[in-house]
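These notes are about the structure you will find just below.
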Amino acid sequence: MAVEPIVRSDGDKKNDCERNAIARLIKRVRKQHPKLKLLVIEDGLSSNAPRIADLKAEKMHFLLGAKPGDHEHLFDQVHDAMDRDEVRVERARVASGKATHDTQTQYIEDLELNKSNSDVRVNFLQHHHFDGETAKTLKCFSWVTDLDLSGKSLGQYQRAGRCRWRVENETFNTLKNQGYQLEHNYGHGKTNLMTVLALLMFLAFAVDQIQEACCGLYAAAVARSGRRIRLGGVSAKTSSSLQVLQFRGLVFRDCNGGAFQTASWIIADCCDQSFSQQPITAHPRDVARNRYVH
């Protein structure tokens, strides 16, 4: 599990922090995957010389957020490069519903990260969204990177930088609000209790993601229930061994049949009759492929 708890280690007097935890995680991931090619995407808190040194030491590429307020010297260089017309620019028009936006992505090479670390050289990527009618700036994103993007699609990399929000939305938001109860403190352990509980929640979430990606039955159940929290509430009621054995019996007995009805039956067994009126169907080949998951 690529999870690093933010906890004070034995013997340390100072409290732990996100920056130190990420530094430990970087080393652990590289140790576990010594040959894996990685591009690390982080927010503006990480676009500093120590973090870049850690990433380079572990041979990881990076795309780190950089804001003007935190990198005055860097953006002064950006403005100077623009004045000298040393900027590569990609432009596009994007339709979003009824609205139309103009986009502009800029790329500049070999800039100093800051005055204190002039030997740390980075490339700069910036992306703007403009209103298609008024040309007003709607959004602006900027990053520093070690990647050489000359001759490459800038749009691909700005989308990579912007997708970091999905970690917040599709991981943390799901863990907090979709039935995993990550925000709830189930115990005040003096050593490892809370960390163990959090890791168990991440493991459960990982299993659910694997099932959603690979199991047609689970994906159909999630789609029918509408939200994971509803499916999770029903799943919690199916924890007895008898009901699980009944579910497995349904899977194996009907593997060679026609349209396969699964989750509606198991949910109906759990006293939620509203689902039994709209059976969930899956093709027999999906059932045969995924029966061992259940």
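Is there a residue being assigned by TED's automatic domain parsing to the domain that holds Q156, touching a Leu at 6+ places or on another chain (Cβ under 9 Å) and under 13 Å from S142 (Cα atoms) anywhere in segment 72-81?
Filtering segment 72-81 down to residues assigned by TED's automatic domain parsing to the domain that holds Q156 leaves 72-81.
Subset that is touching a Leu at 6+ places or on another chain (Cβ under 9 Å): 73-74, 77-78, 81.
From the residues that got through so far, the ones that are under 13 Å from S142 (Cα atoms) too are 74, 78.
Checked segment 72-81: at least one residue is assigned by TED's automatic domain parsing to the domain that holds Q156, touching a Leu at 6+ places or on another chain (Cβ under 9 Å) and under 13 Å from S142 (Cα atoms).
Out of the residues in segment 97-115 that are hydrophobic (A, V, I, L, M, F, W, C) and at pLDDT 95 or above, which is surrounded by the most Cβ atoms within 10 Å (Cβ to Cβ)? So that I can check it myself, show each step before the final result.
Kept after step one, since they are hydrophobic (A, V, I, L, M, F, W, C), are these residues of segment 97-115: 99, 108, 111, 113.
After this cut, where a residue has to be at pLDDT 95 or above as well, the list is 108, 111, 113.
On the way: I108: 20, L111: 21, L113: 23.
Once the filter is applied, the top-ranked residue is L113.
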When you look at V94, is it of a type in the set (A, V, I, L, M) and either touching a Ser or Thr at 6+ places or on another chain (Cβ under 7 Å) or part of a strand (DSSP E or B) (or both), yes or no?
-> yes
Do you know which residues across segment 151-174 are touching a Phe, Trp or Tyr at 6+ places or on another chain (Cβ under 8 Å), more than 17 Å from V78 (Cβ to Cβ), modelled with pLDDT of 90 or more and of a type in the set (S, T, N, Q)?
-> none
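Among the residues of segment 7-51, which ones are of a type in the set (S, T, N, Q) and either farther than 27 Å from L111 by Cα or not assigned by TED's automatic domain parsing to the domain that holds H71 (or both)?
Of everything in segment 7-51, those that are of a type in the set (S, T, N, Q) and either farther than 27 Å from L111 by Cα or not assigned by TED's automatic domain parsing to the domain that holds H71 (or both) turn out to be S9, N15, N20, Q32.
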Would you pick out the residues in segment 13-42 that are surrounded by 14 or more Cβ atoms within 10 Å (Cβ to Cβ) and in a loop (DSSP other than H, G, I, E, B)?
-> D16, L38
Could you list all residues from segment 116-145 that are in a loop (DSSP other than H, G, I, E, B) and either in contact with an Asp or Glu (Cβ under 9 Å, 6 or more places away or on another chain) or buried (at least 18 other Cβ atoms within 10 Å of the Cβ) (or both)?
-> S118, D119, V120, G132, A135
Residue ID - nearest to the chain's Cα centre (by Cα), chosen from residues in segment 146-172 that are part of a loop (DSSP other than H, G, I, E, B) and within 23 Å of A53 (Cβ to Cβ) = R164
In segment 98-115, what count of residues is obtained for those that are part of a strand (DSSP E or B) and under 21 Å from E86 (Cα atoms)?
-> 10
Identify all residues within segment 104-132 that are among the charged types (D, E, K, R) and free of Cβ contacts under 8 Å to residues at least 12 places away in the same chain; write none if there are none.
-> D119, R121
Can you find a residue in segment 63-72 that is under 30 Å from E133 (Cα atoms), surrounded by fewer than 12 Cβ atoms within 10 Å (Cβ to Cβ) and over 23 Å from the mean Cα position of the chain (by Cα)?
-> yes
Is segment 174-197 home to any residue that is over 23 Å from L55 (Cβ atoms), part of a loop (DSSP other than H, G, I, E, B), among the aliphatic types (A, V, I, L, M) and not assigned by TED's automatic domain parsing to the domain that holds R121?
-> yes
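The values are calculated or read from the model by the stated rules, or taken from the named source; none is laboratory data. These numbers were taken from a predicted model, which means no experiment stands behind them. Methodologically, a virtual Cβ is constructed for each residue, glycine included, from the backbone with ideal geometry; neighbour enumeration extends over all protein chains shown.
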